[in-house]
Amino acid sequence: MILEVLLMTHPILFLRTDSHRLALAEQLRNLADDLENIEQCLNRTVPAVAIDDWAVVERSVPCLVGRTTGHPGITDNRVACTTELFYLDKERGLARTMSRWYRLGAPVPPDFWNDRVRGVQ
């Protein structure tokens, strides 16, 4: 159920049209450009949007959890949680997270992992 709620609240996963995919790619390119050229960004104009009474907090983002194979930093068949999920195509068996592409194997119901976290077998 937790995973289902995350998927419902993250519209990017459902934007599978070319125009939405290209818009997301452009947003990510802009972010990467800004981070690579931070000094130039800071020397431009002052941002029009302000935020007061702010604090750094954490939030949940959609990701995949499962047993990985061939991951460069995780032993095969270990349970892992991916970075933020940006693209999911069940028909093609592909997913793209912030850090890499994944080839999708057999799915399980979301409660499969929720039950294991709670100790239900």
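If only residues of the range 84-98 that are outside any strand (DSSP E or B) and open to solvent by 60 Å² or more (accessible area, probe 1.4 Å) are counted, the one that is farthest from Leu28 (Cα to Cα) is Glu91. None of Val46, Val57, Val5 is at pLDDT below 85 and either surrounded by 12 or more Cβ atoms within 10 Å (Cβ to Cβ) or of a type in the set (Ser, Thr, Tyr) (or both) except Val5.
For the structure I just gave you, tell me whether Arg103 is free of Cβ contacts under 8 Å to residues at least 12 places away in the same chain, among the basic types (Lys, Arg), more than 21 Å from Leu28 (Cβ to Cβ) and open to solvent by 50 Å² or more (accessible area, probe 1.4 Å). Yes; evaluated as a whole, the condition is true for this residue.
The single condition among (1) open to solvent by less than 90 Å² (accessible area, probe 1.4 Å); (2) assigned to a loop (DSSP other than H, G, I, E, B); (3) under 15 Å from Arg96 (Cβ atoms); (4) at pLDDT below 85 that Arg16 does not satisfy is (1).
The values are calculated or read from the model by the stated rules, or taken from the named source; none is laboratory data. Quick caveat: nothing in here was measured; it's all calculated off a predicted structure. With ideal geometry, Cβ positions are generated from the backbone for all residues, glycine too; neighbour counts draw on all protein chains shown. Each accessible area value is taken on the protein alone, full model and side chains, heavy atoms only, with ligands, DNA and RNA left out. Shrake-Rupley method; radii C 1.70, N 1.55, O 1.52, S 1.80 Å.
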